[in-house]
Amino acid sequence: MTERADAARNRQALLRAADALLNDHAPGHVSLDQVAAAAGVGKGTVFRRFGSRTGLFRELLAERAARLGAAMDSGPPPLGPGAPPGQRLLAFVDELALLAAENIRLIAAHERACAADPYSDPTYQRWHRHLHALIGELRPDGDADFLAHALLGGYDGELVRRMITAGGVARLRLAVRDLALRVAGVDHVA
């Protein structure tokens with residue numbers, strides 16, 4: 001079913017408004033009333049489109065993660081298919097570190113909105129499936145499910161903020177690469 005033009009405009013206006021408000025306010029202080037007002041629509045439009053703050057922040061994160069998802073599925077190696085699993089793992093954690101660093105406030109707002117069930121988020125599930133598959137190839141003897149969750153824990157919003165504050169994006173990337181190598185059970189990837 002094709003989205004109506006006015007619904008598509010409202011969706012984009014709401015996502016832009018939420019993004020702008022996250023840049024100006026603490027993640028816990030962005031309300032649906034503020035988002036609706038900034039987008040120039042009624043609060044009912046926000047609820048019809050997203051259902052809740054959780055739905056709004058899930059969709060905003062999914063939009064930000066779409067490029068990464070496309071690269072994982074069909075982009076060039078090493079992020080995309082065709083590279084050995086260790087190279088793909090490192091490429092993925094590098095890209096996810098950049099995504100998290102560029103979207104710290106969104107990640108924090110998303111975590112607050114999804115706090116009741118963070119593992120049900122579709123973007124999280126997609127990342128987890130990808131890591132689970134790669135880790136499963138690298139560590140068939142390990143618990144790939146747990147290790148994928150543990151690795152994704154390195155992208156906690158507050159942890160990302162602290163790491164970047166005390167060393168920039170380079171520190172975050174090196175830290176998650178080190179963790180990924182340890183999870184993979186190797187000291188380097190060829």
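Only the coordinates and a few stated rules stand behind these numbers; no lab work does. Because the structure is a prediction, the values reported are computed rather than measured. Backbone-built Cβ (ideal geometry, glycine too); neighbour counts: all protein chains shown.
Spatially, the range 1-56 and the range 85-132 are offset by 22 Å when compared through their Cα centroids. Remark: the His25-Glu137 segment gains 36.1 nm on full extension, using 0.36 nm per residue and subtracting the alpha carbon distance. Per-residue Cβ neighbour counts within 10 Å put Val30, Val169 in the sequence Val169, Val30, beginning with the fewest. Dividing the mean sequence gap of close Cα pairs (under 8 Å, 6+ apart) by how many residues the chain holds gives a relative contact order of 20 percent.
Please build a GNM for the chain, connecting alpha carbons under 10 Å apart, and tell me which residue among Ile164, Ile135, Ile107 fluctuates the most. With Cα springs under 10 Å in the chain, the top fluctuation among Ile164, Ile135, Ile107 is at Ile164. Note on Leu159 and Asp178: the model spin-label points, each 7 Å out from Cα along the C-beta direction, lie 1.4 nm apart. Here is what passes the span test in the chain: the DSSP H helices with alpha carbon length of 30 Å or more along the helix axis and a Kyte-Doolittle mean of -1.0 or above are 53-74. Residues with beta-carbon under 11 Å from that of Pro85, excluding Pro85: net charge, scoring Lys, Arg +1 and Asp, Glu -1? Spelling it out: positives minus negatives among the neighbours equals +1.
Determine the shape class of the chain: with a ≥ b ≥ c the square roots of the Cα gyration tensor eigenvalues, call it rounded for a/c under 1.5, and otherwise prolate if a/b is greater than b/c, oblate otherwise. Verdict is prolate for the chain.
What percent does the relative contact order of the range 1-51 come to when contacts are Cα pairs within less than 8 Å and at least six residues apart?
Values: 28 pairs, mean separation 17.8, N = 51.
Rounded, it is 35 percent for the range 1-51.
FRET efficiency for the pair Arg129 and Arg16, taken as 1/(1 + (r/R0)^6) with r the Cβ-Cβ distance and R0 = 35 Å, rounds to 0.75.
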